[in-house]
Amino acid sequence: MQLNGARILLTGAGGGLGQALAQALAEAGASLLLVGRDQKKLATLAVNLAGGGQEVSTLAVDLKQPADVARLVEEAGRFQTDVLINNAGINAFGLFEQQDWARVADVLETNLAAPMRLTHALLSLLQSRERAAIVNIGSTFGSLPFPGFAAYSAAKAGMKGFSQALRRELWQERADGRIEVIYVAPRAIDTPLNTPAVNALNADLGSKSDSPEAAARQIVAALAAGRGETYLGFPERLFAWLNGVAPALIDRALKPKLAIVKRHARPAI
Ligand SMILES: NC(=O)c1ccc[n+]([C@@H]2O[C@H](COP(=O)([O-])OP(=O)(O)OC[C@H]3O[C@@H](n4cnc5c(N)ncnc54)[C@H](OP(=O)(O)O)[C@@H]3O)[C@@H](O)[C@H]2O)c1
């Protein structure tokens, strides 16, 4: 998709990856509707992005609140959105049995139900555009579910399934080059999403992470190329593939890691 002149609604714009995505998309010539909960963060970002000649708007909404989503849908119509990037998300690290149900529900709502609801509400607008795209930000854990991240892995696996089903549902529009459904699964990224416990776990496991800028560059490249699925990082993408074809092998490989996960896991609040 041609990004120069594209009109992109970006959720989670005030977060670590969101800010880097906004920067990269603005540099590519896109106009942006920046969405997050924290208006102050969005306004600062908008000021930093100003000067390129494109429109930069902001809207503070809680994507879990239907009334906020209705406001966002109205604004998205006015903005003439042709790309939706479902990037907002939260994490919850901890052993499932020790996690508070409210937190589990929050992860499922924020990371899966809310982006599905927003996509549903915006689909007819996107289909009315000459060219459009939906970009869903998943995670390596969506294809390589990990102990200590049961709710998060489940939600991201859901995002992957949702993206695939919707892409297959919209195949005619896709064949006409009118609408793309793109799923990108980053590995760990250095952002506030990861608590000190998660960072310590990643260090102990030897898991590599990307800078938000590096991840954003690859996501923008996937959107520009209209690539249906992109998995960031090696060997993460190999293990994710292996988990699909031989999950018992991954069960065995992860078994010795459980003690490390348990050492870092704390009862979730
Ligand atoms: N960081 C990683 O290691 C990693 C790895 C793989 C995938 N990802 C995915 O990348 C995406 C971006 O994460 P990040 O690392 O940039 O995290 P982040 O820095 O914590 O940013 C998350 C963003 O989501 C927004 N958000 C959360 N709940 C919301 C709600 N109910 N309504 C509206 N906005 C909400 C936050 O808004 P406020 O700013 O208003 O709080 C924030 O801007 C997520 O989907 C995440 O799962 C991250």
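Some notes on this structure:
- Working ranking of peptides 213-226, 141-154, 101-114, 247-260 by packing, defined as the average number of other Cβ atoms within 10 Å per residue, highest first, is 141-154, 213-226, 101-114, 247-260.
- At the listed q of 0.10, 0.18, 0.21 Å⁻¹, the Debye profile of the stretch 1-124, built from one uniform point per Cα, gives log10 I(q)/I(0) equal to -0.32, -0.91, -1.17.
- In a simple Cβ point-charge model (Lys, Arg +1; Asp, Glu -1; nothing else charged), the stretch 77-203 has a dipole of about 260 debye relative to its Cα centre.
- Taking the Cα centre of the stretch 7-264 as origin and assigning +1 to Lys and Arg Cβ atoms and -1 to Asp and Glu Cβ atoms, the resulting dipole is close to 480 debye.
- From phi via Karplus (6.51, -1.76, 1.60), per-residue ³J(HN,Hα) for the stretch 49-57 in Hz, x at Gly/Pro: 8, 5, x, x, x, 8, 6, 10, 10
- Calculated accessible area for the stretch 7-264 comes out at 45 Å² per residue, all protein chains present (probe 1.4 Å; ligands, DNA, RNA ignored).
- Expressed per residue, the C-alpha convex hull volume of the stretch 31-189 stands at 125 Å³.
- With respect to the chain, whose longest principal axis is taken over its alpha-carbon atoms, helix 236-245 is tilted by about 70°.
- Using the alpha-carbon positions of the chain, Rg (one decimal) and Dmax (whole number) come out as 18.2, 54 Å.
- The angle between the Cα long axis of helix 16-27 and the main principal axis of the chain comes to about 30°, on a 0 to 90 degree scale.
- Angle in degrees between helix 212-225 and the longest Cα principal axis of the chain, rounded to the nearest 10: 60 degrees
- Protein accessible area in the stretch 142-214, 1.4 Å probe - carbon and sulfur %: 54 percent
- Rough spin-label spacing in nm, given labels placed 7 Å along Cα→Cβ, for residue 40 and residue 164: 4.3 nm
- Charge-dipole axis of the stretch 7-264 as Lys and Arg at +1 and Asp and Glu at -1 on Cβ define it, positive-most pick from 12, 66, 183: 183
- Extent of the stretch 49-114 along its three principal axes (Cα atoms, max minus min coordinate, largest first): 51, 26, 18 Å.
The values are calculated or read from the model by the stated rules, or taken from the named source; none is laboratory data. Since we're looking at a predicted model, the values are computed, not measured. Don't worry about glycine lacking a Cβ; one is built from the backbone with ideal geometry, like all the others, and counts go over all protein chains shown. Note: areas computed on protein heavy atoms with side chains; ligands, DNA, RNA excluded. Shrake-Rupley method; radii C 1.70, N 1.55, O 1.52, S 1.80 Å.
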